[in-house]
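Every read-out reported here was derived from the displayed coordinates using simple, explicitly stated rules and does not represent laboratory data. As the structure is a prediction and not an experimental result, all values here were calculated from the model. For neighbour counting, all protein chains shown are included, and Cβ atoms are generated from backbone atoms with ideal geometry for every residue, glycine included.
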Amino acid sequence: MSFFDRLVRNVDLMPRLAQRLGIDWADRMDRSPYAAAEYRHALMRCAECPNDGACRAWVERAHQADAAPDYCRNKEMLQRLAKDTEKQG
């Protein structure tokens, strides 16, 4: 599968995972001019991940979570964003 095919396939996965952690990308983009670039980088890392099947299953099982799976290439960034969201809420 090409990189572009993986990107298209996973375009919904990373935002759904972030939502499980309480992160609202639309709200972040409204508040920060840098959020769109951060989002784009996260999508690119997600598309490069070999664990999309496991991640998709995790997203389907988890309705709310404290942390992304250990294999997630965006785990550190998502943890930081989740903490920022907690501070604002």
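For the chain, what is the convex hull volume of the alpha-carbon atoms per residue, in Å³?
Details: hull volume 7.7 nm³, N = 89.
For the chain, the hull spanned by Cα atoms encloses 87 Å³ per residue.
Working out 0.36 nm times the residue gap between Arg9 and Asp24, then minus their Cα-Cα distance, what length gain in nm do you get to one decimal?
Details: separation 15, 0.36 × 15 = 5.40 nm, distance 2.05 nm.
My answer for the length gained is 3.3 nm.
What is the angle, in °, between the Cα long axis of helix 35-47 and the longest principal axis of the Cα atoms in the chain? Nearest 10 is fine, range 0 to 90.
30
Please give, to one decimal in nm, the separation of the simple spin-label points placed at Ala36 and Glu76, each 7 Å out from Cα toward the Cβ.
2.7
Mind giving me the nanometre distance, one decimal, between the label points for Asp66 and Ala54, set 7 Å out from Cα along Cα→Cβ?
For the pair Asp66/Ala54, the computed spacing is 2.1 nm.
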